[in-house]
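A short write-up of the structure that comes next.
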Amino acid sequence: MKATQDKSARYLRSNFYEQLVEHAFISELLQEAWFRYRKTVEVLRSEIDSSGYDLLLECNGVIRHVQLKNSIAGSKTAHQKINIALAEKPSGCVVWSIREEDESKYRVNLKYLYFGDIPGKPLPSLEAFKIAKHTKGDAKGVKKERPLIRQVPKNKFIQLSGMDELLGKLFG
């Protein structure tokens, strides 16, 4: 199979890349939990993300509502848009995956940023963060506010050393 897609045209397959990273994340999570700790993690996917999370993860009696975000290494992404409904979930959190594409090995490598609290505690309040706006303007070009979405700056996320540290943040 020959690679034919120019890297600059990857935006045409953004949904594919989002799913690829989600599956890579789940694979790393399950492998790390099992091979390091002999623990299983239940994974439930949200069909509709109006409640602010993509995955519901359970391990050792701890349930986490997780919003997944991702960007490519070196991107200038300065914040992530987070639904305030996530703060209403017990133990809600955001995992921001930074993907590095290793074309020589045909793999994506992930690094993680984390925004949340310890298991059992809700997401830190989002009220102080800037209200997000729609990315596209209306007929007059006005980008309207999205009152249920907040922009959380990158510096509010904790950079993690790897999946083992992320497991600790998620499940203690």
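The values are calculated or read from the model by the stated rules, or taken from the named source; none is laboratory data. Just so it is clear, the structure is predicted and the values come from calculations on it, not from any experiment. Note: ideal-geometry Cβ built from the backbone for every residue, glycine included; neighbour counts use all protein chains shown. Please note that ligands, DNA and RNA were not included when accessible areas were found on the heavy atoms of the full protein model with its side chains. Shrake-Rupley method; radii C 1.70, N 1.55, O 1.52, S 1.80 Å.
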With all protein chains modelled, accessible area of TYR37 [1.4 Å, Å²]
110
Based on Cβ point charges of +1 for Lys and Arg and -1 for Asp and Glu, what charge dipole magnitude is obtained for the chain about its Cα centre, in debye rounded to the nearest 20?
640
Along the charge dipole of region 89-172, Cβ charges K/R +1 and D/E -1, which of CYS93, PHE157, ALA139 sits furthest on the positive end?
ALA139
Rounded to the nearest 500 deg cm²/dmol, what is the calculated helix-only ellipticity per residue at 222 nm for the chain, with -39500 (n - 2.57) per DSSP H run of length n ≥ 4?
-6500 deg cm²/dmol
Please list the non-local residues whose amide H lies under 5 Å from the amide H of ARG146, H modeled 1.01 Å from N, same-chain partners needing a gap of 5 or more.
ALA132, LYS133, HIS134
The alpha-carbon center of region 19-93 and that of region 97-172 are separated, in whole Å, by 10
Given charges at beta-carbon only (K, R positive; D, E negative), |dipole| of region 9-78 in Debye:
280
So what's the net charge close to GLN67: Lys and Arg +1, Asp and Glu -1, counting the other residues with Cβ under 11 Å from its Cβ?
+2
What ranking do 101-107, 25-31 get when scored by the average of other Cβ atoms within 10 Å per residue, highest first?
25-31, 101-107
Quick one: pull the percent of accessible area on the chain belonging to carbon and sulfur, 1.4 Å probe, ligands and nucleic acids left out.
51
Starting from 0.36 nm per residue, how many nanometres of slack lie between ASN155 and SER50 once their C-alpha separation is accounted for?
35.3 nm
Is the chain best put as rounded, prolate or oblate by its Cα gyration tensor, with a ≥ b ≥ c the root eigenvalues, rounded for a/c under 1.5, and otherwise prolate when a/b is larger than b/c, oblate when not?
oblate
Would you work out the relative contact order for region 1-117, in percent, from Cα pairs under 8 angstrom that are 6 or more residues apart?
18
Counting only heavy atoms of the protein chains, get the accessible area per residue of region 49-153 (1.4 Å probe) and round it to a whole Å² value.
55
Can you run phi through the Karplus equation (6.51, -1.76, 1.60; θ = phi - 60°) for region 59-74 and list ³J(HN,Hα) in whole Hz, with x for Gly and Pro?
8, 6, x, 9, 10, 10, 9, 10, 9, 9, 10, 8, 8, 7, 3, x
Would you mind counting up the charge near VAL142? Only other residues with Cβ under 12 Å from its Cβ, with Lys and Arg at +1 and Asp and Glu at -1.
+3
Lys and Arg at +1, Asp and Glu at -1: neighbours of LEU167 with Cβ under 12 Å from its Cβ sum to 0
